[in-house]
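Engineer: Before anything else, here's the structure in question.
Throughout, read-outs are computed from the coordinates displayed, never taken from laboratory work. Just so we're clear, the structure is a prediction, and the values are computed from it rather than from any experiment. Note: ideal-geometry Cβ built from the backbone for every residue, glycine included; neighbour counts use all protein chains shown.
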Amino acid sequence: MIRLASLGSGSKGNATLVQLGGELLLVDCGFSTKQVTKRLEKLELAPGDITALLVTHEHSDHMRGVQTLAHRFNIPVYASHGTLKAMDWSLAAHSFDSHGSFEIGNVTVMPVAVPHDAREPTQFVFGCDGIKIGVLSDLGHVTPHVVSAYRDCDLLMMESNHDVDMLMAGRYPPSLKRRVGGVHGHLSNRQAAELLEAIGHADLRVVIGHVSEQNNALPLIEDALGDYRPKLRSLEIASQNDGVSWQTFDDLAPSLVAQQ
């Protein structure tokens, strides 16, 4: 199967599943093992089904549950050199260069360096048999490197974190507003729209994630991104509590699916 799902996405916790090439990969784990198990059960999965766990960066909403889950279910962990140094980590893990690809089973993993206020943050593009699945969040602005890396994806989970006006008028202290809205913070709805303008195509499935519960709203996302719906194969929004169910490629490339 070739598919992607979110177990939950937002400032309280993030975890994304990518199934490709016979491997089941979990990107980040910002939830407790109990919560992850419960959320996996909704997708008829268990923690023991996970091939590997990849960590984008050391912020707690992305790695809070990594160590316990990995230890309990013997799941190998992959993170950049900088991320591993920044984590309070007592288990063996696989470190990687954020500018070089590597393999997990049948899947080629391409880390993508992004501008975010962490030690060595990366996002990922996963490839197998000509299919590309991208996971992209926690970046303050879109770089040419990001555009190049995520162009030609078949499925993409991407951040649309905040509405700028809502952020500026909200209850966050000025320092946090500057952080979230800065060049090493998070993508606004407008920036997400600009990214879709650069990389969108008619066969692309998009899942919007890491939506701020304090500084964004579904109507604002729709205002910014809704015009792209007719230009994409699909556009879904992942929530903090429920994530988003499987987005699959079965109707996109049946010959490739049969090879998985």
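Engineer: Please work out which option in (1) 0.96; (2) 0.94; (3) 1.11 gives Rg/Rh (Cα atoms, Kirkwood Rh) calculated from these coordinates, and answer with its label.
Structural biologist: Computed from these coordinates, Rg/Rh (Cα atoms, Kirkwood Rh) corresponds to label (2).
Engineer: Which is the longest part of the chain that has none of the GluC sites (Glu not before Pro) sitting in a DSSP loop with at most 12 other Cβ atoms within 10 Å?
Structural biologist: Working: sites that count: E44, E213.
Longest stretch, sites excluded: 45-212.
Engineer: What are the ³J(HN,Hα) couplings of region 211-220, residue after residue, when phi is run through the Karplus curve with 6.51, -1.76, 1.60 and θ = phi - 60°? Round to Hz, x for glycine and proline.
Structural biologist: Coupling constants for region 211-220: 7, 5, 6, 8, 10, 8, 7, 4, x, 6 Hz.
Engineer: Hey, another quick one. In vacuo Debye scattering of region 51-137, one point per C-alpha: log10 I(q)/I(0) at q = 0.23 Å⁻¹?
Structural biologist: -1.20
Engineer: If each residue's Cβ is checked for other Cβ atoms within 10 Å, how do V147, V112 rank with the fewest at the top? Kindly include the intermediate steps, with their values, before the conclusion.
Structural biologist: On the way: V147 13, V112 22.
Fewest to most other Cβ atoms nearby, the residues stand as V147, V112.
Engineer: If you project the alpha carbons of region 1-88 onto the principal axes, what extent comes out on each, in Å, largest first?
Structural biologist: Rounded to whole Å, the extents work out to 34, 26, 23 Å.
Engineer: Please give the net charge around Y172, taking every other residue with its beta carbon less than 10 angstrom from that of Y172, where Lys and Arg add +1 and Asp and Glu add -1.
Structural biologist: Numbers: positive: R171, K177, R178, R179; negative: none.
Net charge around Y172: +4.
Engineer: Counting Lys and Arg as +1 and Asp and Glu as -1, what is the net charge of the other residues whose Cβ lies under 14 Å from the Cβ of I50? Please report the intermediate quantities before stating the final value.
Structural biologist: Details: positive: R39, R72; negative: E23, D28, E41, E44, D49.
Charge balance in the 14 Å sphere: -3.
Engineer: For region 122-201, what is the relative contact order in percent, using Cα pairs closer than 8 Å and at least 6 residues apart in sequence? Mind showing how you got there, number by number?
Structural biologist: Numbers: 108 pairs, mean separation 28.2, N = 80.
Reported relative contact order: 35 percent.
Engineer: Among residues other than E23 whose Cβ falls under 13 Å from its Cβ, what is the net charge (Lys/Arg +1, Asp/Glu -1)? Each step should come with its number before you reach the end.
Structural biologist: Working: positive: R3; negative: D49, E103, D129.
Combined, the nearby Lys, Arg, Asp and Glu give -2.
Engineer: Below 8 Å, C-alpha to C-alpha, sequence gap of six or more: please give me the relative contact order for region 3-259 in percent.
Structural biologist: Values: 571 pairs, mean separation 49.7, N = 257.
The normalised contact order for region 3-259 reaches 19 percent.
Engineer: Show that you can apply the helix-only estimate: for the chain, add -39,500 (n - 2.57) for every DSSP H stretch of four or more residues, divide by all residues, and state [θ] at 222 nm to the nearest 500.
Structural biologist: Working: 10 runs with 74 residues, N = 260.
The per-residue figure over the chain is -7500 deg cm²/dmol.
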